[in-house]
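Chemist: For reference, the structure I am asking about is given below.
The values are calculated or read from the model by the stated rules, or taken from the named source; none is laboratory data. Keep in mind it's a predicted model, so treat the numbers as computed, not measured. So basically every Cβ, Gly included, is an ideal-geometry build from the backbone, and we count neighbours across all protein chains shown. The area values use the complete protein model at the heavy-atom level, side chains included, leaving out ligands, DNA and RNA. Shrake-Rupley method; radii C 1.70, N 1.55, O 1.52, S 1.80 Å.
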Amino acid sequence: MPKTFLVDTTRCTACRGCQLACKEWHDLPANHTKQLGTHQNPPDLNPNNLKIVRFHEYINDQGDVVWNFFPDQCRHCLTPPCVDVADMAVPGAIIHDKKTGAVLATEKSSKLSEDDAQAIQEACPYNIPRRDPESGRLTKCDMCIDRVSAGMQPICVKTCPTGAMVFGEREEMLPLAQKRLETAKKRWPKAFLADMEDVSVIYLLADTKDKYYEFAAFM
Amino acid sequence: MTNHWIDIKNADAVLIIGSNAAEHHPVAFKWIMKAKDNGAVLMHVDPKFSRTSARCDFHVPLRSGTDIPFLGGMLNYILANGLYQKDYVNNYTNAAFVVGDGYAFEDGLFSGYDAATRKYDKSKWALAKGPDGGPVVDPTHKNPRCVINLMKDHYSRYTLKNVSDVTGVSQDNLLKVYKNFCATGRPDKAGTILYALGWTQHTVGVQNIRLSSLVQLLLGNIGIAGGGINALRGEPNVQGSTDHALLYNNIPGYHGTPQAPWQTLAEYNKANTPVTAVSNSANWWGNRPKYVTSLLKGWYGDAATPENDFCYSLLPKLEPGEDYSYMFAMDRIYNNKIKGGFIMGVNPMNSFPNTNKMRVALDNLDWLVCSEIHNSETTDNWQRPGVDPKTKKTEVFLLPSAHRIEKAGTISNSGRWLQWFDKAVEPAGEARNFADVVVPLFNTIRRMYKEEGGVLPEAVLQMNWTDKYDPEDWARRINGFFWADSKVGDKAYKRGQLVPTFGVLKDDGTTSSLNWIYTGSWTEEDGNKSRRRDPSQTPMQAKIGLYPNWSWCWPLNRRILYNRASVDMNGKPFNPDRAVIEWDGSKWVGDVPDGPWPPMSDPKGKLPFIMVKDGLAQFYGPGPADGPFPEHYEPAETPLASHPFSKQLSSPVYKYHKTDMDKIAPPADPRYPIVLTTYSLTEHWCGGGETRNVPNLLETEPQLYVEMSHELAKEKGIKNGDGVVLESARGNCEAIAMVTVRIRPFTVMGKTVHLVGMPFAFGWTTPKTGDSTNRLTVGAYDPNTTIPESKACCVNLRKAEKLTEIG
């Protein structure tokens, strides 16, 4: 049975502990960034940031401010389209670990051409993989496969202080997700579980997906 | 905190005001989320919609500097609608006390004001005295001079209209908060108020907090689970540093610093030890002489004897009325009255207001010693942008400091828990922790005194000091020792053994303690209690998340202060579902009660507010420097020329300086029409001196920004991400515009007032990130604490042609 994350955005405070912990665990260097008029920084996923928190703000119909936070990462799809597309170019460039459900970009991904990498990114319903121009490798969340294989939680989950992120066996996460959804719906009638049937990283969103990020959900 | 972090989960209503809890306490915020899970309503009142607001049920935007009208309106709402908890108010507060004839309040001024000194004669505010010297009490509240009647009268001016006009909060929004929070004025409901620097950093900072205590007392929310007034401390050990007298005006354990008129210990004790005429008041501060003598004994050991007044004469004495706080120290440096000094653990050249003055002032020093992890705007002030280092005379000694994880010792958290931390790693290179800097330094001074002599050698040489710093040794000294063989009950203690509890501290020199509130933290019987990590608890304690065996908490492991106010006169909890303590007929169970006495209905019972003289919580007290009741005054710099509460625009007693570099813009100055508020952010810590040097943190928040509304941006022709120049009466500052819906224009007194917000975490030593925001902020201070008004000043801004500080 694969592992599953539940990311309950109604509990997220955008502290970005997950974003930072991910970098630290993977020993990724800091990018040189600039203030561009938003707290979202770095502005996008990149080889040094496999997870970022996205911010979206607007005024709703009642005139109230809404500020949505979206800790974005690979969804580790149950049937990952990136694996199929990559296999057509370089077999084994991306693999799907059946035991954990982790979708992993391997060293072989460095053999992918820029066009191949582009095609893989476009095949991803969530616009996740990024090509490292220096090594040529595809980079993305690896579910902390080293930690998970050793019986530990992914570092982003371990770091989350408010319980916005939970990780465990899929059979345990699905009912928890439903329970959280019921709670969320009382306050946010539009709340839904994004693409629950297809992904190992299930987001509980309180608002329509465009109010988070264009690739927040596929359906 | 009167309560503690876990206890927030017990609240039915959480009012976060003057704090951005989610951003500045991201881990502890889980307990606020837990309250929400339990069904609590979460409210955030703050100028800006922040990450805290996003998780609350609703956010109410408030113009910075108008918390007193906001809460004053709530007080009026409670009193006018009779929503207060009557048993609590009648039995546990001084609502029925009669105020003396000297007190008056007229058009914004209390009686006793002297405009020349900007001070009040507080004796005018005394309570009426009965023949026994005790308070005059009218339980019927018929006397118009009863505290509750004067309070009603005072806040009757805080009508919804007046409050809305001044705060910029709509009447609907005012009522939304008032109704939700005041619903906790029932015995079975609890409301908590969480605040932080958003309240303290005002010229009316103390009164902001005092007014919250008036609200909480009316609602019966002090002493109960899920209630209280909770200061969310912004630094891991700021509670501990306060307890141990980081501030000049007290010595460890909350005793006033000796002053020149008190030349003997007897004079000190007489001036500082309250006496009550109320027979069932515990008047705990009546014990002060025991704690002060034990402190002197801790400081001077065997040299402290009854014959020499326990070395009291060796202590430095303050001149009454003089202000020795850091802002006044900087002013003295500016005026060439101080020649050298130590600045450690603070970065004044970035974090203090009116930084341009601070930077020029520091140039006046001949020598300066700093101990830091990284170079800072303070250590490198002599080579700051725009000055020629060759013209700066200051010789700077920069000592490498250890990081806090590179040392062992205790930290006292916001909830007063004392927790031991082991050293994680050795300090890098030659870095040393603070004590390993100070102890050898002082030993060098002692050696020089011995060899060469000097002024007042006894004060230096007779100290009960140490050759080498050992954190465990000092933790034991803080707890305290017996200095003579003693007996406590049937138990015998030898000289040199640890004192078990502050109840046995004496004023005869047979005991020591470097801080009485920590006595009991390390005992012969139980060892170092700050190391305890035992989650065991009784079912009653489990109901409210009370873990008495996890760490230790001052005083005496009492987790919720004033918990005797959580029970009725018979010792039965007002709310049995969330009982803090309960009298079982022979003893108290639950938390450690505020004193061992039986419930109030017993002739031996005592009143619950044991730290105030007469045992009853004070709606009206001797009063802070600015009045016995909190009153609205505009910030020192305000966009208003008048307000509806009185003709007294700003506080008549706030402190300020008068040098050529201390400018305060006049009210409603058209040159500076925009309100600026400043704050910290999750990703950087305070002035950023530490976190700007952590590349991954700098990546997330790389440069100084100014948050502003779309409306203001449009007015000024500014687009999101543009460079901006801000100016105040004191200086200029560059920032990047963050144009956001999270800040909206306020309608104040019928006109539009814009507010902008900036962090203060960026400084020039981290190139191209921006420089001190505090070059804009104002040198105006609370009259009680001298905390600067960093939360409100007036500025203007324009689109920058070109940026030099940010790139």
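Here is a yes/no grid of residues against (1) among the hydroxyl-bearing types (Ser, Thr, Tyr); (2) open to solvent by 50 Å² or more (accessible area, probe 1.4 Å); (3) in contact with an Asp or Glu (Cβ under 7 Å, 6 or more places away or on another chain):
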| residue | (1), (2), (3) |
| --- | --- |
| B:Thr276 | yes, no, yes |
| B:Asp302 | no, yes, no |
| B:Tyr326 | yes, yes, no |
| B:Met330 | no, no, no |
| B:Gly340 | no, no, yes |
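Chemist: Are any residues in segment B:675-709 in a helix (DSSP H, G or I), facing chain A (nearest Cβ under 10 Å) and surrounded by fewer than 19 Cβ atoms within 10 Å (Cβ to Cβ), and if so, which ones?
Modeler: B:Pro695
Chemist: Could you look through segment A:132-151, keep only residues that are touching a helix residue (DSSP H, G or I) at 6+ places or on another chain (Cβ under 7 Å) and either in contact (Cβ under 8 Å) with a residue 60 or more places away in the chain or assigned to a loop (DSSP other than H, G, I, E, B) (or both), and pick out the one that is farthest from A:Ala93 (Cα to Cα)?
Modeler: By that ranking, first place goes to A:Arg147.
Chemist: Mind listing whichever residues of segment B:458-467 are over 32 Å from the mean Cα position of the chain (by Cα) and either among the small types (Gly, Ala, Ser) or over 12 Å from B:Ala303 (Cβ atoms) (or both)?
Modeler: B:Asp467
Chemist: If you take the residues of segment A:27-76 that are of a type in the set (Asp, Glu) and more than 7 Å from every other protein chain (Cβ to nearest Cβ), which of them is surrounded by the most Cβ atoms within 10 Å (Cβ to Cβ)?
Modeler: Filtering segment A:27-76 for residues that are of a type in the set (Asp, Glu) and more than 7 Å from every other protein chain (Cβ to nearest Cβ), the one surrounded by the most Cβ atoms within 10 Å (Cβ to Cβ) comes out as A:Asp72.
Chemist: Name the residues in segment B:519-535 that are of a type outside the set (A, V, I, L, M, F, W, C), out of contact with any Gly (no Cβ under 8 Å at 6 or more places or on another chain) and not in a loop (DSSP other than H, G, I, E, B), would you?
Modeler: Correct list: B:Thr523, B:Gly527, B:Asn528, B:Ser530, B:Arg531, B:Arg533.
Chemist: I'm checking my understanding of the structure. Among residues of segment B:172-224 that are of a type in the set (A, V, I, L, M, F, W, C) and open to solvent by 30 Å² or more (accessible area, probe 1.4 Å), which one is nearest to B:Pro783 (Cα to Cα)?
Modeler: Here the residue is B:Val206.
Chemist: Also, I was wondering about something else. Hey, A:Ala117 hits all of (1) closer than 24 Å to A:Phe167 by Cα; (2) of a type outside the set (Asp, Glu); (3) part of a helix (DSSP H, G or I); (4) without any contact (Cβ under 8 Å) to a residue 60 or more places away in the chain but one; which does it fall short on?
Modeler: Failing condition for A:Ala117: (1).
Chemist: So A:Cys18 clears everything in (1) at the interface with chain B (Cβ under 8 Å from one of its Cβ atoms); (2) crowded, with 20+ Cβ neighbours inside 10 Å; (3) part of a helix (DSSP H, G or I) except one condition, right? Which one?
Modeler: (1)
Chemist: Name every residue in segment A:66-93 that is on the phi > 0 side of the Ramachandran plot and in contact with a strand residue (DSSP E or B) (Cβ under 7 Å, 6 or more places away or on another chain), in order of residue number.
Modeler: Once the filter is applied, which keeps residues that are on the phi > 0 side of the Ramachandran plot and in contact with a strand residue (DSSP E or B) (Cβ under 7 Å, 6 or more places away or on another chain), segment A:66-93 yields only A:His76.
Chemist: How about segment B:1-80: which helices (runs of 4 or more DSSP H) wholly inside it have at least 1 residues that are more than 12 Å from chain A (Cβ to nearest Cβ)?
Modeler: B:29-37, B:67-80
Chemist: May I ask you to verify whether B:Arg477 is among the charged types (D, E, K, R), in a helix (DSSP H, G or I) and surrounded by 19 or more Cβ atoms within 10 Å (Cβ to Cβ)?
Modeler: yes
Chemist: If I go through segment A:120-131 residue by residue, how many of them are outside any loop (DSSP other than H, G, I, E, B) and either among the aliphatic types (A, V, I, L, M) or buried (at least 20 other Cβ atoms within 10 Å of the Cβ) (or both)?
Modeler: 4
Chemist: Further question: Find all pairs meeting these conditions: Cβ atoms under 9 angstrom apart; at least six residues apart or on different chains; first residue within segment A:4-30 and more than 17 Å from A:Arg54 (Cα to Cα) and among the aromatic types (Phe, Trp, Tyr); second residue outside any helix (DSSP H, G or I) and open to solvent by 20 Å² or more (accessible area, probe 1.4 Å).
Modeler: Qualifying pairs under 9 Å: A:Phe5/A:Val166; A:Phe5/A:Phe167.
Chemist: For segment B:747-760, check the following and say yes or no: at least one residue is within 10 Å of chain A (Cβ to nearest Cβ), under 27 Å from B:Ile373 (Cβ atoms) and open to solvent by less than 20 Å² (accessible area, probe 1.4 Å).
Modeler: No, because not a single residue in segment B:747-760 is within 10 Å of chain A (Cβ to nearest Cβ), under 27 Å from B:Ile373 (Cβ atoms) and open to solvent by less than 20 Å² (accessible area, probe 1.4 Å).
Chemist: Still on this structure: Which numbered condition trips up B:Asn570, out of (1) under 24 Å from the mean Cα position of the chain (by Cα); (2) closer than 24 Å to B:Gly185 by Cβ?
Modeler: B:Asn570 satisfies every listed condition except (1).
Chemist: I'd like to check which helices (runs of 4 or more DSSP H) are fully inside segment B:169-280 and have at least 1 residues that are free of Cβ contacts under 8 Å to residues at least 12 places away in the same chain.
Modeler: Output list reads B:171-182, B:238-243, B:265-272.
Chemist: Within segment B:791-807, track down each residue that is polar (S, T, N, Q) and over 13 Å from B:Val756 (Cα atoms).
Modeler: B:Thr804
Chemist: Across segment B:188-223, what is the number of residues that are in contact with a Lys or Arg (Cβ under 7 Å, 6 or more places away or on another chain) and under 21 Å from B:Ile148 (Cβ atoms)?
Modeler: Of the residues in segment B:188-223, 1 are in contact with a Lys or Arg (Cβ under 7 Å, 6 or more places away or on another chain) and under 21 Å from B:Ile148 (Cβ atoms).
Chemist: For residues that are of a type in the set (Lys, Arg) and closer than 23 Å to B:Glu707 by Cβ, tally how many sit in segment A:1-53.
Modeler: Counting residues in segment A:1-53 that are of a type in the set (Lys, Arg) and closer than 23 Å to B:Glu707 by Cβ gives 2.
Chemist: Still on this structure, please answer the following. Here's a check for you: in segment A:26-61, which residue that is in a strand (DSSP E or B) and not polar (S, T, N, Q) is nearest to A:Leu138 (Cα to Cα)?
Modeler: A:Ile52
Chemist: Here's a follow-up. Search segment B:710-745 for residues being in a helix (DSSP H, G or I) and open to solvent by 20 Å² or more (accessible area, probe 1.4 Å), and hand back the single one that is farthest from the other protein chains (Cβ to nearest Cβ).
Modeler: B:Glu715
Chemist: Suppose we filter segment B:367-397 for residues that are closer than 17 Å to B:Gly345 by Cα, open to solvent by 70 Å² or more (accessible area, probe 1.4 Å) and not polar (S, T, N, Q); how many remain?
Modeler: Adding up the residues that qualify gives 2.
Chemist: Are any residues in segment B:576-597 part of a loop (DSSP other than H, G, I, E, B) and open to solvent by 20 Å² or more (accessible area, probe 1.4 Å), and if so, which ones?
Modeler: B:Asp584, B:Gly585, B:Ser586, B:Lys587, B:Val592, B:Pro593, B:Pro596, B:Trp597
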